[in-house]
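The values are calculated or read from the model by the stated rules, or taken from the named source; none is laboratory data. Everything quoted here is computed from the prediction, not taken from an experiment. When we count neighbours, we look across all protein chains shown, and the Cβ atoms used for this are built from the backbone with ideal geometry, even at glycine. Each accessible area value is taken on the protein alone, full model and side chains, heavy atoms only, with ligands, DNA and RNA left out. Shrake-Rupley method; radii C 1.70, N 1.55, O 1.52, S 1.80 Å.
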Amino acid sequence: MRKIALLITGLSVSVQLLAQNDDSLFIRRIANEILLNGKAYDNLRELTKNIGGRLAGSPNMVKAENWGQDVLRKTGADKVWLQQCMVPHWVRGGKDEATAFYLNAPSKGIAVTRVAKNLDVIALGNSLGTGAKAILADIVEVNSFTELEAKKDQLKGKIVFYNVKFNSTYIRPFEAYRDAVTYRGSGASRAAKYGALAVIVRSMSHSTDNNPHTGAMRYDSINAKIPAVAVGLKDADWMDEQLKKGPLSVSMKTNGHFLPDTIGHNVIGELTGSTYPDQYITVGGHLDSWDPAEGAHDDGTGIAHTIEIMRAFKALGFHPKHTIRFVLFANEENGTRGGKKYAEEAMAKKEKHVFALESDAGGFAPRGFGFEVTDDQFAKIIQWKSLLEPYGAGNLVRGGDGSDIESLRESLKTPTSGFLPDPQRYFDYHHARNDVFENVNKRELELGAISMAALIYLVDKYGL
Ligand SMILES: [Zn+2]
C-alpha cells in the first residue's frame, strides 16, 4: 500500500512538474512575442503624443475613447463596446499663478524693500478658482493637522501652507503617498473651517525638481470651498526657509470650476472564453489622465499593457477558457465613475467574475503583484512564483489592487490584483508636467505586459 501511495504521490508531483514546465514554456512564448513584436510602446506613443492629457469630460477624453475602441478592434477583440457612465467635468479654466512677497533682510543703511518671487504652482483637481481677482494673504505654515489645530486661531484671512514632506524612510513610496495625500484631499476644507482663504500644498513627491503635482481634492459639505494649489518641492523648501526669516505673503490666482456632469465611457474589448464564456476575467487600466501632461505612467502604460496582453494572446493563437475583458476605465482620477459603473452593471447582470487585474502604478520594470484574495486563493497563487520570477515579477504579496476594480471586489467579492512595477520613480512623474512618453522605457513597459499576461494565463488555466 505504502509503495502505491508513494508511487501516486510521485506521479502527481511529476504531473505537476510537467504542467509547470508547460506553463513556463508558454510564458516564454508570450515573452518572446512581446519582446520581438510588441506594440505596447507604439500604442503608448499614439495615446500620449497624438492625444495627450485626457481628463474626464474633456474633448481629449472623447478622442481617447475613440482611439481605444479602434485599437481594441484592430488588435482582434471578438467584441468591442462602450459602457456609458456620467462623469464629473472639472476644468482648470486657465493658468494657475502664484507670487510670493517678502521683505528683504534689513541691514544697516539699506532701505527695506518688498521682493517678489514667482512660485511654480498648479491648482488641485476639483478645486474652485479664486475668481477674477487674485487672493493675497499672509502664509501660515503647518506640518500636520495637529499643528493646524494648534494654530487654528491664527488662520483667519490667511493662506495655509501644508508643508508635509514625503517620508523618505519608507522603502515603498506608496506608503509615503498614503500618509501625505490626506493633506491634498481634505486640507482645504480643514483650513476653511478656521477662516483660511486658500491653501498651498507641498507636492506629493520626493523628486529633485520643482514641478508641481496636481491630483484630486474634495470639499466637505460644511465649510467654504476655498482654492487649493500644489507647489513644487524647491519652492516649498524656499517658502519654509523664508518663513523662518520673516513674514511671507502670497498672491494666487486660479480658475478651476465645474461644468455639468457629462457622458463618458469605459471602453471594453472582449476575447470570448472557449469553455466558460459567461465567466469573466478583467484586465485593465484607466484611460483618463490629468491635464498638465500626457498621462504616460499614469496611466497610459496601464492602457498599453492591457491592449498588449490581448495582442500577444491573439498572435499566439491562445484561446482562453474564460472570457477575458480588456477594460480602459473612465474617470479614475477625479471620480472613479467608470469602475463603479463596471461593477454596477456586473451586479445587475449577475455576471460571474473570476478575477480582475489592474495596472495603475506606472510602466516601470515589474516587481510582482499585490492580491486582495482569500487565504486559499493566495496559497494557490504563491505556487506560481517561480513562473513569474524570470520576468522580475516574483514578489507576490497580500493587499493592493486598483481603484477601478475595487468596486467589483466590494460588490461581487471578486478576487483582485494590482500590478506592482518598481515604485521608486513613480512619484517623480505622477500628475506632473513631466509624465510624458519620453519617461517610459520600452523594455520595462514590455516586461510589465509579459508579467501581466502570464498571470492572466495562469488564472485562466487553473482558476482561483
Ligand atoms: Zn492612475
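Brief remarks on what is shown
- Percent antiparallel among DSSP beta bridges (both partners in the range 367-424, rounded to 5): 55
- Label-to-label distance, nm, for residues given as residue 425 and residue 91 (7 Å Cα→Cβ offset): 3.6
- Computed over protein heavy atoms with a 1.4 Å probe, the carbon and sulfur contribution to the accessible area of the range 50-105 reaches 53%.
- With θ taken as phi - 60° and the Karplus curve 6.51 cos²θ - 1.76 cosθ + 1.60 applied, the whole-hertz 3J(HN,Hα) list for the range 208-223 is 9, 9, 10, 6, x, 10, 7, x, 6, 10, 9, 8, 7, 8, 9, 8 Hz, x standing for glycine and proline.
- Average accessible area per residue (Å²) across the range 199-283 - probe 1.4 Å, nucleic acids and ligands excluded: 39
- Accessible surface of residue 438, taken over heavy atoms with a 1.4 Å probe and every protein chain present, rounds to 120 Å².
- With protein chains left intact and a 1.4 Å probe, residues in the range 387-464 average 33 Å² of accessible area per residue.
- Heavy atoms of residue 278 accessible to a 1.4 Å probe, total area in Å² rounded to 10: 100
- Here the chain carries DSSP beta bridges of which approximately 55% are antiparallel, counting only pairs with both residues inside.
- Within the accessible area of the range 286-398 (1.4 Å probe), percent carbon and sulfur: 49
- Only lysines eight or more places from residue 74 in sequence, or on another chain, were considered; those with a Cα closer than 16 Å are 39, 314.
- Protein heavy-atom surface of the range 182-239, 1.4 angstrom probe: 52% of the accessible area is carbon and sulfur, with nucleic acids and ligands not counted.
- Under the span-like rule (Cα at least 15 Å along the axis, Kyte-Doolittle mean at least 0.5), DSSP H helices of the chain: 2-37
- Backbone phi angles across the range 139-145, fed through the Karplus curve with coefficients 6.51, -1.76 and 1.60 (θ = phi - 60°), yield HN-Hα couplings of 9, 10, 8, 9, 10, 5, 5 Hz in residue order; Gly and Pro are listed as x.
- Partners of residue 156 within straight-line reach, counting lysines whose Cα lies under 26 Å from its Cα and excluding those fewer than 8 residues away in the same chain: 117, 133, 165, 193, 225, 244, 245, 253.
- Charge dipole (Cα centre; +1 on Lys/Arg Cβ, -1 on Asp/Glu Cβ; no other charges) of the chain amounts to roughly 360 debye.
- Using equal-weight Cα scatterers in the Debye expression, the normalised intensity of the chain in log10 at q = 0.10 Å⁻¹ is -0.74.
- Taking label points 7 Å from Cα along the Cα-to-Cβ direction, residue 442 and residue 170 give a separation of 3.4 nm.
- Solvent-accessible surface (1.4 angstrom probe) belonging to residue 24, in square angstrom, nearest 10: 50
- Computed per residue of the chain from DSSP H runs no shorter than four, each worth -39500 (n - 2.57), the mean residue ellipticity at 222 nm is -11500 deg cm²/dmol.
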